[in-house]
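The values are calculated or read from the model by the stated rules, or taken from the named source; none is laboratory data. Since we're looking at a predicted model, the values are computed, not measured. Methodologically, a virtual Cβ is constructed for each residue, glycine included, from the backbone with ideal geometry; neighbour enumeration extends over all protein chains shown.
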Amino acid sequence: MLSQIRPAIVLLVLFTALTGLAYPLAITGIAQAVMPNQANGSLLTTSAGPVGSALIGQNFATDKYFHSRPSATQAQDPAHPDDSSKTIDAPYNAANSTGSNLGPTSQKLLDRVKADVDARRAAGATGVIPADAVTTSASGLDPHISPENALAQVAAVAKARNLPEDKVRAVVEANIEGRALGLIGEPRVNVLRLNMALDALTSS
């Protein structure tokens, strides 16, 4: 019986060492050597330290910052710590990536989109409101907005910072990322990078 168990134990130990230790350590070492920034979370930093990741959106609430697209992520309601079915809105909750799952006939979705459009109008937006300004992404953590969405916010941000609109627009245009390899995806603006560039402009 021992002769039958011994090979199984040896294989278990061997493959645990290979797949549980050697392989992860090798991949971690290669990632740190080849692309350390991405391996460490694509963190963006200032002189004060890390301010966030370029891969995960944040909720910018004040008028002096460009706003990310809406987020439908939620968190457990602290008033009901023992009931996971009780949740509250928690925009850009990186621990709970999710979409809203609301369909096009949902009155709740229609009411929220209308409220977001009205808020954009009240903030001074004119013309067509970009779709990504009032709709959530599938992950709820999208760090990017469309150039049209960013440009539509220029007037409000410039007013809040007491800056000329053309100067703020130039910051937006400088932060537009093109299609990958010129073909893949759509032009986009990373909101955190844009707001960091705006802070650097106003502090200089």
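Using beta carbons and a limit of 7 Å, which pairs, at least six apart or on different chains, have the first residue in the stretch 186-197 and of a type in the set (Phe, Trp, Tyr) and the second one outside any helix (DSSP H, G or I) and modelled with pLDDT under 95? So the pair list comes out empty. Note on the stretch 167-185: among residues that are surrounded by fewer than 16 Cβ atoms within 10 Å (Cβ to Cβ) and at pLDDT 90 or above, the one that is nearest to Lys64 (Cα to Cα) is Lys167. Considering the stretch 143-204, the qualifying helices (runs of 4 or more DSSP H), each wholly inside and each with 2 or more residues that are in the same structural domain as Pro130 (by TED's automatic domain parsing) and closer than 18 Å to Ser53 by Cα, run over 191-203. Among residues of the stretch 137-158 being more than 19 Å from the chain's Cα centre (by Cα) and in contact (Cβ under 8 Å) with a residue 60 or more places away in the chain, the one that is surrounded by the fewest Cβ atoms within 10 Å (Cβ to Cβ) is Ala156.
Close contacts from the stretch 27-38, counting a first residue that is surrounded by 11 or more Cβ atoms within 10 Å (Cβ to Cβ) and a second that is acidic (Asp, Glu) and assigned to a helix (DSSP H, G or I), with Cβ to Cβ under 6 Å and a gap of 6+ residues or different chains, come to none at all. For the stretch 104-119, the criterion of being crowded, with 17+ Cβ neighbours inside 10 Å and either in a loop (DSSP other than H, G, I, E, B) or outside the structural domain of Ala197 (by TED's automatic domain parsing) (or both) is satisfied by no residue at all. When Gly57, Gly52 are checked against the criterion of being buried (at least 16 other Cβ atoms within 10 Å of the Cβ), touching a residue at least 40 places away in the same chain (Cβ under 8 Å) and in contact with a Phe, Trp or Tyr (Cβ under 6 Å, 6 or more places away or on another chain), a single residue qualifies: Gly57. Inspect all residues belonging to the stretch 159-166 and state whether any of them is closer than 30 Å to Asn101 by Cα and either crowded, with 16+ Cβ neighbours inside 10 Å or in contact (Cβ under 8 Å) with a residue 12 or more places away in the chain (or both). Within the stretch 159-166, not a single residue is closer than 30 Å to Asn101 by Cα and either crowded, with 16+ Cβ neighbours inside 10 Å or in contact (Cβ under 8 Å) with a residue 12 or more places away in the chain (or both).
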